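Peer 1: Sharing a structure, written as structure tokens. Questions coming.
The values are calculated or read from the model by the stated rules, or taken from the named source; none is laboratory data. Since we're looking at a predicted model, the values are computed, not measured. As a convention, Cβ positions derive from the backbone with ideal geometry for all residues, glycine included, and neighbour counts pool all protein chains shown.
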Amino acid sequence: MKKVKLALCFGALLMGGSLLAQPESAPDNWFNLDPTEDGVRGVSTERVYQELLRGRTGETVIVAVIDSGVDYDHEDLKDIMWVNAGEIAGNGIDDDGNGYIDDVNGWNFIGGAKGNVAEDTYEITRLYKMYQDRFDGVNRDDLSKKEKVEYDQYMEIKKTIDEQRDEMEGNVAFYSGLLDKLGKLKEALGKEDIKAADLEGYEPTDPDLTQAVAILNNVLSQGTTLPEVEEQLKGGVEYFSNSLNYGYNPDFNPRNIVGDNYNDVYERYYGNNDVQGPDASHGTHVSGIIGAVRGNGIGMDGVANNVRIMSVRAVPDGDERDKDVANAIIYAVDNGASVINMSFGKGYAWDKEAVEKAIKYAAKHDVLLVHAAGNSSQDNDNTDNFPNDTYKKGRKTFDNWIEVGALSWNGGPASFSNYGQGGVDLFAPGVDIYSTIPESDYASFSGTSMASPVTAGVAALVRSYYPDLSAKQVREILMASVDPLNEDVTLPGSDETVPFRQLSVTGGVVNAFNAVEMAAETKGKAKKKTRIKDGRTADEAPNKKDRA
């Protein structure tokens, strides 16, 4: 997972030394507003509570957030965090016998006795390292037919890795150079925050200062300040440096921190109980969108009002590992989650089958999975994005999965959003989404990582007020009740204009009001489950022998 907040940093950065201000934002709560009544394409959250659910009480729904971690002490989240009632906090004993010691608010599959994984490599780098150990220095002509196929894949991956590292090095030099030039300009003028008036009549002879003046005049004229520009540039240096040092570095491997047998994909019991981790910004933001306490007069309101957030940490700064994703899904299912949000993805898979088995396990236990489509402006019908809902080599799809693209508040798809007439199910608000971040703070992020929890929140809302509906039915309802967008829009990543309906299966935007109206008319097919004291069901209660 490449951090979504970085997409915000670079929304104002253009290659070639030009900088542009970010566009004007919509209201902070726009994702909860109504297209007709409020003029922005939110999901009608406020309207559904006011008109259809007023005076009604729903059941509590556990939503698992598989992510980077969650700040469980946040002022707007602490009252809705899932608490494992079968566990006594801090006693170092697996009180409920589920195999995880002191898992009070969830579990961390990328931590261990030595601490927590913060950065990790990209999956393509791990594949490169695996092939390099096998094929480096080998003569292709000496290989078997099957080995030649793998060797050729290795050479393609190696080419990509080399190209990416060259690009990252160039970007680090570019952004660092701009920072240095702006620093020289501040020193020359004796000012930390330079205004447009400070540049009037200033004509330096130093080429670096001349370029800095041109850049700054450009951005100041569009409302961006020098401190904002410097922060964006520093974010650029950090992002590209991390890609070099961690993401695309085949010699970096933090897995010894976890201490598991990584080659045993079906190993279950590893990790630690630190569900916040070293950087919980992403997971905390996602959690707030789903269910930040509504109506408490602080911060912001999430979509669903009867949720408990279970934090399952499996996503580093880098690409998540399939073993951890599979285990995170299984853990969430075993501990009572009805909806699982997955705001992460990657272009390569290490063990797709392990994740498929976990998805199938979730389907068997009537759990709905909601997944972000990705932020590469790509067509998911023709380009890999993992995990996904296909199995049996793409011939079949799971019916408990929703793939979500990102919508901008101005009504069109986000310029970064992935799309696909078969590979993306629907769109949801995903630009300038204001939500919770650690230390009881708030910020606006953009990404399909934000669109996914909007959809997961709507799913949780429906499951709360209509608990007889199965995961499959809720999926069908959310897709059938979309707000259709019958307009031509700009294809993400291009200047081409296409009908919005070509960008997803439904051609629409998830809508809570429409979904609740349809749910009210749908006869439920979910199997009745007897709840036990810690929120799980009898058939989901921990059993070390009963695993996917």
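Peer 1: At negative phi and buried (at least 24 other Cβ atoms within 10 Å of the Cβ): which single residue out of R308, R313 fits that description? Before you say what the answer is, go through the steps one by one.
Peer 2: Working: R308 fails: buried (at least 24 other Cβ atoms within 10 Å of the Cβ).
Criteria check complete, one pass: R313.
Peer 1: In segment 206-216, is there at least one residue being small (G, A, S), in a helix (DSSP H, G or I), closer than 23 Å to N171 by Cα and over 34 Å from the mean Cα position of the chain (by Cα)?
Peer 2: Quick first cut of segment 206-216, residues small (G, A, S) only: 212, 214.
Imposing the further condition that a residue be in a helix (DSSP H, G or I) reduces the set to 212, 214.
Then keep just the ones that are closer than 23 Å to N171 by Cα; that gives 212, 214.
Restricting the remaining residues to those that are over 34 Å from the mean Cα position of the chain (by Cα) gives 212, 214.
Yes; the residues of segment 206-216 include at least one that is small (G, A, S), in a helix (DSSP H, G or I), closer than 23 Å to N171 by Cα and over 34 Å from the mean Cα position of the chain (by Cα).
Peer 1: Still on this structure: Restricting segment 486-519 to residues that are assigned to a loop (DSSP other than H, G, I, E, B) and among the β-branched types (V, I, T), which is nearest to G457 (Cα to Cα)?
Peer 2: Quick first cut of segment 486-519, residues assigned to a loop (DSSP other than H, G, I, E, B) only: 486-487, 491-496, 504-507, 510-511.
Cutting the leftovers down to among the β-branched types (V, I, T) gives us 505-506, 510.
Numbers: V505: 20, T506: 19, V510: 11 Å.
Step by step, filter segment 486-519, then rank; the result is V510.
Peer 1: Take the conditions in a helix (DSSP H, G or I), under 22 Å from the mean Cα position of the chain (by Cα) and at pLDDT below 95 and apply them to G283. Does it pass?
Peer 2: no
To keep it simple, each residue is scored yes or no on (1) among the hydrophobic types (A, V, I, L, M, F, W, C); (2) within 18 Å of R126 (Cα to Cα); (3) in a loop (DSSP other than H, G, I, E, B); (4) within 27 Å of the chain's Cα centre (by Cα).
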site: T160; (1), (2), (3), (4): no, yes, no, yes
site: E167; (1), (2), (3), (4): no, no, no, yes
site: E203; (1), (2), (3), (4): no, no, yes, no
site: G223; (1), (2), (3), (4): no, no, yes, no
site: G236; (1), (2), (3), (4): no, no, no, yes
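Peer 1: Of all the residues that make up segment 390-404, how many are of a type in the set (V, I, T) and either outside the structural domain of P429 (by TED's automatic domain parsing) or under 11 Å from S343 (Cα atoms) (or both)?
Peer 2: Initial filter on segment 390-404 (of a type in the set (V, I, T)): 390, 397, 402, 404.
Filter again for either outside the structural domain of P429 (by TED's automatic domain parsing) or under 11 Å from S343 (Cα atoms) (or both), leaving 404.
Total meeting the criteria: 1.
Peer 1: Taking into account only those residues within segment 121-154 that are part of a helix (DSSP H, G or I) and among the hydroxyl-bearing types (S, T, Y), which is nearest to F240 (Cα to Cα)? Step through it out loud before you land on a result.
Peer 2: Taking segment 121-154 as the starting set, the residues that turn out to be part of a helix (DSSP H, G or I) are 123-135, 140-142, 145-154.
From what is left, the residues that are among the hydroxyl-bearing types (S, T, Y) are 125, 128, 131, 151, 154.
Working: T125: 15, Y128: 19, Y131: 25, Y151: 29, Y154: 24 Å.
Selected residue: T125.
Peer 1: Can you find a residue that is β-branched (V, I, T), modelled with pLDDT under 95 and closer than 30 Å to V516 by Cα anywhere in segment 81-90?
Peer 2: Here is the first cut: in segment 81-90, the residues β-branched (V, I, T) are 83, 88.
Add one more test, that the residue is modelled with pLDDT under 95, and what stays is none.
Within segment 81-90 (the criterion being β-branched (V, I, T), modelled with pLDDT under 95 and closer than 30 Å to V516 by Cα), the answer is no, since none of the residues qualifies.
Peer 1: Note down all Cβ pairs under 9 Å where the first residue falls in segment 252-280 and is farther than 20 Å from W350 by Cα and not assigned by TED's automatic domain parsing to the domain that holds S241, the second is surrounded by fewer than 17 Cβ atoms within 10 Å (Cβ to Cβ) and acidic (D, E), and they're at least six residues apart or on different chains.
Peer 2: Q276/D73
Peer 1: Among the residues of segment 496-526, which ones are aliphatic (A, V, I, L, M) and at pLDDT 95 or above? Show your work before the answer.
Peer 2: So the first thing to find is which residues in segment 496-526 are aliphatic (A, V, I, L, M), and the list is 498, 503, 505, 509-510, 512, 515-516, 518-520, 526.
V498, L503, V505, V509, V510, A512, A515, V516, M518, A519, A520 - these are the residues of segment 496-526 that are aliphatic (A, V, I, L, M) and at pLDDT 95 or above.
Peer 1: Quick check, is A406 in contact with a His (Cβ under 9 Å, 6 or more places away or on another chain) and in a strand (DSSP E or B)?
Peer 2: Working: in contact with a His (Cβ under 9 Å, 6 or more places away or on another chain): no; in a strand (DSSP E or B): yes.
No; evaluated as a whole, the condition is false for this residue.
Peer 1: If you take the residues in segment 74-96 that are part of a loop (DSSP other than H, G, I, E, B) and touching a strand residue (DSSP E or B) at 6+ places or on another chain (Cβ under 9 Å), which one is surrounded by the fewest Cβ atoms within 10 Å (Cβ to Cβ)? Please lay out each step first, then the result.
Peer 2: Restricting attention to segment 74-96, the residues satisfying the condition of being part of a loop (DSSP other than H, G, I, E, B) are 74-77, 82-96.
Going one step further and asking which of them are touching a strand residue (DSSP E or B) at 6+ places or on another chain (Cβ under 9 Å), we end up with 74-77, 82-84.
On the way: H74: 26, E75: 17, D76: 25, L77: 24, W82: 27, V83: 15, N84: 24.
By that ranking, first place goes to V83.
Peer 1: Could you tell me which residue of segment 39-68 is nearest to A520 (Cα to Cα), considering only residues that are touching a residue at least 60 places away in the same chain (Cβ under 8 Å) and small (G, A, S)?
Peer 2: G58
Peer 1: Among the residues of segment 345-376, what is the count of those that are out of contact with any strand residue (DSSP E or B) (no Cβ under 8 Å at 6 or more places or on another chain), small (G, A, S) and under 27 Å from G508 (Cα atoms)?
Peer 2: Total meeting the criteria: 3.
Peer 1: Here is a follow-up. Please specify each residue of segment 433-473 satisfying the condition of being crowded, with 24+ Cβ neighbours inside 10 Å and at positive phi.
Peer 2: G447
Peer 1: So, one more: Looking only at residues that are more than 15 Å from the chain's Cα centre (by Cα) and of a type in the set (A, V, I, L, M) in segment 340-354, which one is nearest to V424 (Cα to Cα)?
Peer 2: Restricting to residues being more than 15 Å from the chain's Cα centre (by Cα) and of a type in the set (A, V, I, L, M), the top hit is A349.
Peer 1: Another question, if that's okay. Of all the residues that make up segment 58-108, how many are among the aliphatic types (A, V, I, L, M), within 25 Å of the chain's Cα centre (by Cα) and within 18 Å of D274 (Cβ to Cβ)?
Peer 2: First, pick out the residues of segment 58-108 that are among the aliphatic types (A, V, I, L, M): 61-66, 70, 77, 80-81, 83, 85, 88-89, 93, 101, 104.
The next check asks that each one be within 25 Å of the chain's Cα centre (by Cα); those that pass are 61-66, 70, 77, 80-81, 83, 104.
Then keep just the ones that are within 18 Å of D274 (Cβ to Cβ); that gives 64-66, 70, 77, 81, 83, 104.
Going through segment 58-108 one residue at a time, the tally reaches 8.
Peer 1: Here's something else I'd like to know. What's the total number of residues in segment 390-401 that are hydrophobic (A, V, I, L, M, F, W, C) and assigned to a loop (DSSP other than H, G, I, E, B)?
Peer 2: From segment 390-401, those hydrophobic (A, V, I, L, M, F, W, C) are 398, 401; that's our starting set.
Next, from what is left, pick out any that are assigned to a loop (DSSP other than H, G, I, E, B): 398.
Looking only at that region, the number is 1.
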